[in-house]
Amino acid sequence: MLHVGGFMPGVGFQVPAASRSRWSVVVLLVCLQLRPLQTAICLSPGSSQAGGCLCASDILSCTAAGLDHIPANMPVSVVTLDLSHNRIAQLDAGGFQGLSRLETLRIAHNQLTTIHPGAFRNTSGTLLRHLDLSSNQLCVLERHFFLDMPGLEELLLFNNRLAHVESRALAGLGSLRKAYLSHNRLTDFPFFSFQEHSHPHLSMLDLSSNRLPKLPLEDISNLPLSLQQGLYLHNNSLLCECAMYGLFRHWERRGFASVTDFRQEYTCLVYGIQRGTVRFFQHGRYFEKCNLTGTSPGLKTQEGSVSVKVGRRLLLHCLTSLVGERVTFLWVSPNQEYVAPPGNNGSLKMYGNGSLAIAAARAEDGGIYWCMSLDRDQRRNETREVNVTVLLHHDGEHHEPFNTGFTTLLGCVVSLVLVLMYLYLTPCPCPPCRKAPAPASQGNEAGAGSAQSSILTPTPPATTEGPGRKVSTNKHVVFLEPIKEQQNGKIRAGPGGHLGPGLLLEAEQRAKRAGETDSIMSMFSDTPIMLP
């Protein structure tokens, strides 16, 4: 130990001034080595040096610093780390090692294409709650990305190039509350991987502005009710379907913010044509023929009594007016077995939203099922029962039933063809038949003429004056033969008066020509007519 005077005790030796200065430098270097390493990564305020970061207590901001990799030697006391607006292309394993207090990590607006396994290992673990990877170039969300983040609550992945999400990519995020995956290129999404027991706190899932053509409505209806309220699906390439329209209408009636806040942006494509865009809530006439009371998989409707064939799948819904994250469900089967999520590892599977699925119906699965819902906050409970009937197969059920509608239509068509054949087919030409005039008395002249007219014409004649009259009705033209009678061996025309020899010959020739005309006209008539 050196004294102020420079003398060593008990020796009387004085240390020179140059030696004292060298000892001071050595001590200073040792002290610097013992302090936490904070190199030139932290710049002073107002510095213009490129590649530096700003440190403010527990915040490290490296925004727009021109970085192409994760900087080394970051302070271990960092709680918020901002690496946005740089050129970072990949995250290597152990890049954030030693940051045990990190809670917020922002790597937005970079050029990320690859995240290696273990990239977030040895960080704060359960303390990391916010991760921002938005506005990058990620194409696939792999399952190893987020294995080391059990405490993550908010994940931002919007404005990437994501085209596929692996089924187990988000399975390990049990504390997740909000996930933003909008403005990507997704054509499908593993909705079935989100259940109440795996993601009990998830209340927002933003999948808007993607390329989803169809939705797995049954998987969506099995999502927890709290997640359905925060499921955003607007501005997708959805095809117009009645079931999908019924699902959105159902959410709108219940006042879900995911629908009511973006009513104008819920659109669908008619036959997949981009120009044929229909707005679900503005063009309701397009869906007016949809049967929304049917068994649409997207709507939770449940009758008190249902039937199912042996071997078929049956889904039972637990309808309740209780809403909230604290609502729990329980089913009781006909054999007094209690069923809770995820099921009994047998034929019964239960979802987090209270729905019960019978995988393959058996005869012993028939009976009354009881559903009980409990709200722990309000201390309320509700009970519903559903009677399930299992139909056994019979030999007659394998044949297709007789279609009475088709046979009735066929009979009508055949009848119509026969009627048209009867009305419009031209009959065979028949030679004219000439009959000898039947003797009749003068008192029966009017009656014979009237009877002859009623037989040859479809409607009564318009006039009855004079012999040799001609009647025309619509398309049927009939020339009536003059009434000829005999009286005392002489031909007599009309009532009263005799014919002379010259006039008699002329009358016979005229009657002959009238008979020939009647024969010709009957050949071209629509209806065959037989002249007397």
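Kindly provide the set of residues from the range 225-236 that are open to solvent by less than 40 Å² (accessible area, probe 1.4 Å) and not hydrophobic (A, V, I, L, M, F, W, C), ordered by number.
Matches in the range 225-236: S226, Q228, G230, Y232, H234, N236.
Here's the yes/no breakdown for (1) within 27 Å of L186 (Cα to Cα); (2) part of a loop (DSSP other than H, G, I, E, B); (3) in contact with an Asp or Glu (Cβ under 9 Å, 6 or more places away or on another chain); (4) among the acidic types (D, E):
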| residue | (1), (2), (3), (4) |
| --- | --- |
| M74 | no, yes, no, no |
| V78 | no, yes, yes, no |
| H85 | yes, yes, no, no |
| F96 | no, yes, no, no |
| D148 | yes, yes, no, yes |
| L155 | yes, no, yes, no |
| R161 | yes, yes, no, no |
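Give me the residue from the range 98-133 that is outside any loop (DSSP other than H, G, I, E, B) and out of contact with any Gly (no Cβ under 7 Å at 6 or more places or on another chain) and, out of that set, surrounded by the fewest Cβ atoms within 10 Å (Cβ to Cβ).
T114
Just for the range 196-211: of the residues that are within 23 Å of K349 (Cβ to Cβ) and open to solvent by less than 20 Å² (accessible area, probe 1.4 Å), which one is modelled with the highest pLDDT?
L205
Looking only at the range 151-176, which residues are charged (D, E, K, R) and under 24 Å from S84 (Cβ atoms)?
Of everything in the range 151-176, those that are charged (D, E, K, R) and under 24 Å from S84 (Cβ atoms) turn out to be E153, E154, R161.
If N222 satisfies every condition in (1) of a type in the set (S, T, N, Q); (2) open to solvent by 10 Å² or more (accessible area, probe 1.4 Å); (3) touching a helix residue (DSSP H, G or I) at 6+ places or on another chain (Cβ under 9 Å) but one, which is the exception?
It fails just one condition, (2).
Test V339 against the criterion of being farther than 30 Å from T260 by Cα, surrounded by fewer than 19 Cβ atoms within 10 Å (Cβ to Cβ), at pLDDT 85 or above and of a type in the set (V, I, T), and give yes or no.
No: the conditions fail for V339.
Only residues in the range 146-165 that are over 15 Å from T114 (Cβ atoms) count as the first member; pair them with residues that are among the polar types (S, T, N, Q) and at pLDDT below 95, Cβ under 6 angstrom, at least 6 apart or cross-chain, and list the lot.
Matching pairs, first to second residue: P150/T126; G151/T126; G151/S175; E153/S175.
Can you tell me which residue within the range 345-377, out of those that are touching a residue at least 40 places away in the same chain (Cβ under 8 Å), more than 19 Å from S305 (Cα to Cα) and not basic (K, R), is most open to solvent (accessible area, probe 1.4 Å)?
Here the residue is D377.
Considering every residue within the range 398-418, establish whether at least one is closer than 30 Å to G354 by Cβ, modelled with pLDDT under 85 and either exposed (fewer than 10 other Cβ atoms within 10 Å of the Cβ) or not small (G, A, S) (or both).
no
Given the structure, is G172 out of contact with any Pro (no Cβ under 8 Å at 6 or more places or on another chain), at pLDDT below 95 and within 15 Å of F120 (Cβ to Cβ)?
no
Within the set of pairs 6 or more residues apart or between chains, which connect a residue that is of a type in the set (S, T, N, Q) inside the range 228-243 to a residue that is outside any loop (DSSP other than H, G, I, E, B) and open to solvent by 10 Å² or more (accessible area, probe 1.4 Å) with Cβ atoms less than 6 Å apart?
Listed pairs, sorted by first residue: N235/E265.
Limited to the range 237-254, what total is found for residues that are open to solvent by 50 Å² or more (accessible area, probe 1.4 Å) and in a loop (DSSP other than H, G, I, E, B)?
2
All but one of (1) touching a Ser or Thr at 6+ places or on another chain (Cβ under 7 Å); (2) open to solvent by less than 60 Å² (accessible area, probe 1.4 Å); (3) under 19 Å from N184 (Cβ atoms) hold for N136, so report the exception by its number.
Of (1) touching a Ser or Thr at 6+ places or on another chain (Cβ under 7 Å); (2) open to solvent by less than 60 Å² (accessible area, probe 1.4 Å); (3) under 19 Å from N184 (Cβ atoms), only one is false for N136: (1).
Scanning the range 89-104 for residues that are of a type in the set (A, V, I, L, M) and closer than 17 Å to N73 by Cβ, which turns out modelled with the highest pLDDT?
Once the filter is applied, the top-ranked residue is L102.
Can L176 be described as under 28 Å from T63 (Cα atoms), free of Cβ contacts under 8 Å to residues at least 40 places away in the same chain and either touching a helix residue (DSSP H, G or I) at 6+ places or on another chain (Cβ under 8 Å) or open to solvent by less than 20 Å² (accessible area, probe 1.4 Å) (or both)?
So L176 passes the test.
Can you pull out every residue in the range 54-70 that is surrounded by 15 or more Cβ atoms within 10 Å (Cβ to Cβ) and farther than 21 Å from M149 by Cα?
L54, C55, S61, C62, T63, A65, L67
Of these, A163, A169, which one is surrounded by fewer than 17 Cβ atoms within 10 Å (Cβ to Cβ) and among the aliphatic types (A, V, I, L, M)?
On inspection, the qualifying residue turns out to be A163.
The values are calculated or read from the model by the stated rules, or taken from the named source; none is laboratory data. It should be emphasised that the depicted structure is a prediction, and the values quoted were computed from it without experimental measurement. Here the Cβ is made from the backbone with ideal geometry for all residues, glycine too, and neighbour counts use every protein chain on show. Side chains included, ligands, DNA and RNA excluded: accessible areas come from the protein's heavy atoms. Shrake-Rupley method; radii C 1.70, N 1.55, O 1.52, S 1.80 Å.
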